[in-house]
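Scroll down for the structure; my scribbles are underneath it.
Any read-out appearing in this document is the output of simple, stated calculations on the displayed coordinates, not a laboratory observation. Predicted, not measured: the structure shown is a model, and the values here were computed from it. Reconstructed Cβ throughout: ideal geometry from the backbone, glycine too, with neighbour counts over all protein chains shown.
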Amino acid sequence: MRSPDFVKLAEAYGGWAGCVETTVKCAPLSTGDEARSGIRLLHLVTDVEVISSYRTISDLREAGG
C-alpha cells in the first residue's frame, strides 16, 4: 500500500501544496505563505526509519522497546 500524493490531493480541493524532500527545498516553498488563503499543505517526506528528530526505529529496538 502506498501513501496518496498529498500535494495533488490538496490541489484537487483548491488548495496550495508543496512537497519537501530536503531542507534546501523548504525555504522557497515557505516564502509568501502568509499571503495564501485556504488550504495550505507542506508534505514533509522523511525516512521511514526516523520516527522523531532524535530517535529511529533501530534505536528503539536496541533499547528493547
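Quick notes on this structure:
- The residue pairs whose first member lies in region 39-65 and is within 24 Å of A12 (Cβ to Cβ), whose second member is among the charged types (D, E, K, R), and whose beta carbons are closer than 7 Å, counting only pairs six or more residues apart or on different chains, are R40/D33; V45/E21.
- If you go through region 5-19 and pick out every residue that is over 15 Å from T46 (Cα atoms) and of a type outside the set (A, V, I, L, M), you end up with 6.
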